[in-house]
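Each remark here refers to the structure printed beneath this line.
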């Protein structure tokens, strides 16, 4: 449960340790002390995955271990380094800013005697968890050990009800603040077994919502666990579920929770070792818009990257779809050891936030920016990934503008019409007519309105709308 609000605390590194201590009632801090004293020996090489602000790093360094602290957040690492410098142990720690899915690129096999991951796996999508565990198994020494601490669902009925009662409001609040959340782990022991570990100790705390496991690497025969972790085959379908998701995406796209596809690797048609890899975000409508014109026409791998359920353009601009997430998805997919030609096609609309050169440099893959519209991908592939000018241009035809009008009406219908209906019912009809009329006019006339961005174009219409409503209330007495 603490891991949910932890997502917000990660945006405030100075308050992170204090907040986690409060949320876990000090149990996590005591558990970290127990791990450092019981499972970490002086002189051992230890990797702290997702080290946060360094509470456990400090205790392991104080024990005399050679610690490598890894976290994807540079501000969190900076705060951890500051704390270690104040304590006088910074020289015993190696700092690495990296995604947990890139362990095999960062470290040689057998590099560590122990790996600690505290509140990390619950932040990762399902497929990435298994891939990270497999990489940990390879970088551990044969007699090494993995120590996991993470969130799980309590087993006792009363504790489970209390857990949900406290967790759901935290989920909503954290989502509103950060547009992300975490997921409690399930079947962790089975996942560890699949990754090549043998569990030798298990302990539950915080009424069963916090789990600590200690596991040893098993002897894994060569080639075991190398099959591609494909989540399924994507097909274009028209059914009630797809219709409901389309309606949600069309009218209430601005509001969470966004319909999502599980991040991971999917088949489109019958791809093979020579097939291209199409990357996209995990907003359900985005994935289905990609698949609709391609199903039956293209054989490709589809790499669904965790974009927090947001379309690729907005996710890239808002920092939810980054080069680091794409690199992590590539490593988690297992495609690197399978493909003969490592070719990744990124949506052109995510170029505002995804560094293609960084992906090339850190993975060795070819990176291409695909057409703006999915319907052009078959022609783009036939032309050996050469784009025409028409494939590069972002156009905003009437169909897209009408869709934007529907989204606007769906959002402002909730934001404006509901309060008006409750507190000023006599104004409901003029406000509704004003919203529909202005939204329709905006959709039709948008290309010719003054201004370069949508806000500048819509402000004059908003002023006209307010003046019209003011004139209406002045000329027509709304009171019964």
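The values are calculated or read from the model by the stated rules, or taken from the named source; none is laboratory data. What you see is a predicted model; the values in this text were computed from it and never measured. As a convention, Cβ positions derive from the backbone with ideal geometry for all residues, glycine included, and neighbour counts pool all protein chains shown.
The residue list 17, 74, 90 contains one member that is over 25 Å from residue 201 (Cα atoms), out of contact with any helix residue (DSSP H, G or I) (no Cβ under 9 Å at 6 or more places or on another chain) and modelled with pLDDT under 90, which is 74. Give the residue, chosen from 164, 146, 124, that is on the phi < 0 side of the Ramachandran plot and in contact (Cβ under 8 Å) with a residue 40 or more places away in the chain. None of the other options fit; the residue is 146. Scanning region 330-342 for residues that are surrounded by 18 or more Cβ atoms within 10 Å (Cβ to Cβ), in contact with a strand residue (DSSP E or B) (Cβ under 8 Å, 6 or more places away or on another chain) and farther than 14 Å from residue 281 by Cα yields a total of 5. Within region 286-312, the set of residues being under 22 Å from residue 99 (Cα atoms) and either in a helix (DSSP H, G or I) or not assigned by TED's automatic domain parsing to the domain that holds residue 275 (or both) comprises just one member, 312. The test for being surrounded by fewer than 16 Cβ atoms within 10 Å (Cβ to Cβ) and modelled with pLDDT under 70 holds for residue 173.
Table: residues versus (1) within 24 Å of residue 136 (Cβ to Cβ); (2) assigned by TED's automatic domain parsing to the domain that holds residue 267.
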| site | (1), (2) |
| --- | --- |
| 325 | yes, yes |
| 343 | no, yes |
| 363 | yes, yes |
| 378 | no, yes |
| 402 | no, no |
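Residues in region 108-132 that are at pLDDT 90 or above, buried (at least 21 other Cβ atoms within 10 Å of the Cβ) and under 27 Å from residue 363 (Cβ atoms): 112, 115, 116, 117.
Scan region 348-356 and tell me whether some residue there is crowded, with 19+ Cβ neighbours inside 10 Å, in the same structural domain as residue 267 (by TED's automatic domain parsing) and either under 17 Å from residue 105 (Cβ atoms) or within 13 Å of the chain's Cα centre (by Cα) (or both). Checking region 348-356: not a single residue is crowded, with 19+ Cβ neighbours inside 10 Å, in the same structural domain as residue 267 (by TED's automatic domain parsing) and either under 17 Å from residue 105 (Cβ atoms) or within 13 Å of the chain's Cα centre (by Cα) (or both). Picking from 429, 395, 401, which residue would you name as being at pLDDT 75 or above and farther than 30 Å from residue 368 by Cβ? After ruling out the rest, the residue left standing is 429. The set of residues in region 201-221 that are under 27 Å from residue 140 (Cα atoms) and modelled with pLDDT under 90 comprises 201, 202, 203, 204, 205, 210, 211, 212, 218, 219, 220, 221.
Kindly indicate whether residue 309 is out of contact with any strand residue (DSSP E or B) (no Cβ under 7 Å at 6 or more places or on another chain) and either under 18 Å from residue 261 (Cα atoms) or surrounded by fewer than 23 Cβ atoms within 10 Å (Cβ to Cβ) (or both).
Taking the combined requirement at face value, the residue does not satisfy it.
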